[in-house]
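Below is one structure, written out as structure tokens, with a few remarks after it.
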Amino acid sequence: MCQLLGMNANTPTDVCFSFTGLATRAVEHKDGFGIAFFEDRGLRLFVDPHSARESPVADLVKRYPIRSGNVIAHIRKATQGRVALENTHPFVRELWGRYWVCAHNGNLIDFQPRLHGAFRPVGDTDSERAFCWLMQELSKAHADVPSVAELSATLRELLPVLHAHGTYNLLLSNGQALWAHASTRLHWLQRQHPFLDATLADEDLTVDFAHVTTPADRVVVVATEPLTQGEAWQAMAAGELRVFVDGASAG
């Protein structure tokens, strides 16, 4: 299955180091990659149906330090849907005047919800179909942008419906927060002062975060598998939903 990467920070931060670690794993997960960066209400989205190990777009992302408060990235190993640009995560939709970004790791069986005209999939993946359903149900539940706490409560009601159809590991953001839902495997890590060195698990690359941060900075990184050695990654439980705001877990 696919692998996920998310970042949430209290100050705009680049994700070059973590994305390099994710892209290294694209030997097996070679069916496309994508990454989305929130910048206030704006969004930068890079997707490519080619492997993150070979794509010049991925090479740009590794070297270009785009700073963001919320980032979602994905490397794909296709289960449903052909290898094509329209099937490449993350997917984006608009709701309540904000961009929403979603990436999924897993496989949903026999999930064919009724979708109205506002939210319809462009490609043919279970992932995009489930995202459209989530957006549709959120729009039914709230007339306008609710608080992060209200959104989290609604998601806790909706996500078991998807989980019941198979494996559904999720990263979701609207630029205000990062939601992570674990069906099977998802890990998270918080970096804050005093910052230490970090070394990628799959590549000989080390960063001394103390030289590129301030004492006030906080960053949360979420990944399918821990990206670094020697850091305190925490495994999420099956069925667990966490929301991260300003580089910290908010529940």
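Since every read-out is calculated from the coordinates, none of them should be taken as a lab result. The model shown is predicted, which means the values in this text are computed figures rather than measured ones. Positions of Cβ are backbone-derived with ideal geometry, glycine not excepted, and every protein chain shown enters the neighbour counts.
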Original post:
Sorted by mean Cβ packing within 10 Å, highest first, what order do the peptides 42-52, 58-68 take?
Top reply: 42-52, 58-68
Original post:
Which whole-angstrom value gives the distance between the alpha carbon centres of the range 9-83 and the range 94-117?
Top reply: 19
Subject >> Whichever lysines have a C-alpha closer than 17 Å to that of LYS77, once near sequence neighbours (fewer than 8 apart) are set aside >> reply: LYS30
